[in-house]
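The values are calculated or read from the model by the stated rules, or taken from the named source; none is laboratory data. Keep in mind it's a predicted model, so treat the numbers as computed, not measured. Neighbour counts run over all protein chains shown; Cβ positions are idealised from the backbone, glycine included. For the accessible areas, the whole protein counts, side chains as well, though only heavy atoms, and no ligand, DNA or RNA atoms are used. Shrake-Rupley method; radii C 1.70, N 1.55, O 1.52, S 1.80 Å.
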Amino acid sequence: MNETVRVVIDLKGSVFWKKPWQVKHNDRVDLILEIKRDKSISKNLRDIIVAIDAGHGGKDPGAVGKNLLEKDVTLLIAKELERTLKNTTGYRPIMIRPDDRFVDLNDRYQNARKSGADLFVSIHADAFSLSSVKGASVYVWAEEASSITADNLSKAELTRNPAVKSKIGKLDVRDFDEDAARTIFQIAYEAKIANSVILGEKILEQLKRDPFTKMHKPNVEFADFRVLKSIDIPSVLIESGFISNPDDAKRLEGKAGRRMIARSIFLGVHNYFKEKPKPNTFMTSAPKSVEYEIQKGDVISEIAIRFGVTINEIIQWNDLNNKSIYPGQKIKIVI
Ligand SMILES: [Zn+2]
C-alpha cells in the first residue's frame, strides 16, 4: 500500500492519547489508538499564571562578571523555568522580559498584574565587592532590609537603577490601578506578604536540596526591592548566586547549574500551590502528580532533572518499557 490513509476522529473535547500501536493477526493488522477524556477541560479549569521576571536587560546589564553579564544569566534561567511551566498542564508562564530588552521596574510588576499573574518571581545573580561571597538567597519585600547583605544588595541595585527604591513609605499611587484596591489595601497587602514568605520558603527548601547550589542565607530575607512591591501578587526575588564569585560564576555559566535554579523555583512554586491552592485551577483537587507534555528533542534524563525525579520513576509511572518517548505524549510525574 503506497498511499497514505488519514483517519480523523471528531471529538467533543481534549483527550489524553497514547502512541498508536499495531497488532498483527493472521488475516489483518489492527492499529490501536487509546484515548482517555481530559477531565480538566470539562471542569473548566483555568491555568495558574506565573510571571517570570528576568532581572535587568537591554541597556541595564545588571552585575558584570568576568565572562558573563547578570542580564544574560537571568534570562537563561527564566527561559528554563518558562519551558517547564509551559509544558506542564495547568500552568502558564508569562515572561515579563522575553528577550534582551530594558523593562522599567514599575512596568515589571504592573504588567504581571495585567496578565492576571498568580505569582511573581524575579530572577537575579548579583555581584559583591568581596569575591568570596557566594551562594543563593531568596528575598521578599520589606521596607527595612533584614540583614546587612540584603541592605547592601538593595543599595547596589539602587546605584545601578535609582527607580529600584520604593517610593515614599508603603503607599505609592502607581501601585494601584483600581480604586477598590486602595480600600482593601491593608488586608490584601498583608496577605500578599505572608504568602510571599511561604513561597520564598518553599523555593528555599528546594534550593537547599540542589547539590550544585550553596546557600548564601539559610532563611528568607527581606529587602526593599521595588520590583516586589505589587499590592496583591505574592512576589519573591531569587538571587541565584554571585557572579563575582568564581564558583558561582562557573555554576551559572553552565546549563546544568542554571537548570537547577529553574527546577528549585518550579518545585517551590508547585509546593506553594499545594499549600495555597487557587480556586478553579488543577491544584484545587490536590493532585499527586503533574502532567508534562513531551517536546521535540526531550530526553527522559533531562525531564528527570527538570522535575527532581529519577529516570526509573518516570518509566515506572508511565509504564514505558523502553525509553522511547515522542512529542505530544503526556507523561505523569509524581511531585
Ligand atoms: Zn540584579
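Test each condition in (1) away from the ligand (no atom under 12 Å from the Cβ); (2) of a type in the set (S, T, N, Q); (3) within 30 Å of residue 271 (Cα to Cα) for residue 26 and report the one that comes out false. Only one criterion is unmet by residue 26, namely (3).
Have a look at 244, 240 and point out the one that is open to solvent by 10 Å² or more (accessible area, probe 1.4 Å) and within 13 Å of the ligand (Cβ to nearest atom). So the residue among 244, 240 that is open to solvent by 10 Å² or more (accessible area, probe 1.4 Å) and within 13 Å of the ligand (Cβ to nearest atom) is 244. Scanning region 252-299 for residues that are of a type in the set (Lys, Arg) and part of a helix (DSSP H, G or I) returns 255, 258, 259, 263, 274. Scan region 109-143 for residues that are open to solvent by 10 Å² or more (accessible area, probe 1.4 Å) and assigned to a helix (DSSP H, G or I) and the total you get is 4.
Matching residues to (1) open to solvent by 20 Å² or more (accessible area, probe 1.4 Å); (2) in contact (Cβ under 8 Å) with a residue 60 or more places away in the chain:
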residue	(1), (2)
257	no, no
261	no, yes
270	no, yes
280	yes, yes
286	yes, no
292	no, yes
296	yes, no
313	yes, no
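The residues of region 66-85 that are open to solvent by 20 Å² or more (accessible area, probe 1.4 Å) and either of a type in the set (Phe, Trp, Tyr) or away from the ligand (no atom under 16 Å from the Cβ) (or both), listed by number, are 66, 67, 79, 82, 83. The lone criterion from (1) outside any helix (DSSP H, G or I); (2) over 20 Å from the mean Cα position of the chain (by Cα) left unmet by residue 213 is number (2).
Per-residue answers, yes or no, for (1) within 16 Å of the ligand (Cβ to nearest atom); (2) modelled with pLDDT of 90 or more; (3) of a type in the set (A, V, I, L, M):
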{"site": "4", "(1), (2), (3)": "no, no, no"}
{"site": "7", "(1), (2), (3)": "no, no, yes"}
{"site": "60", "(1), (2), (3)": "yes, yes, no"}
{"site": "64", "(1), (2), (3)": "yes, yes, yes"}
{"site": "87", "(1), (2), (3)": "no, yes, no"}
{"site": "93", "(1), (2), (3)": "no, yes, no"}
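For region 315-335, the set of residues classified as of a type in the set (Gly, Ala, Ser) and either surrounded by 15 or more Cβ atoms within 10 Å (Cβ to Cβ) or in contact with a Cys (Cβ under 9 Å, 6 or more places away or on another chain) (or both) is empty.
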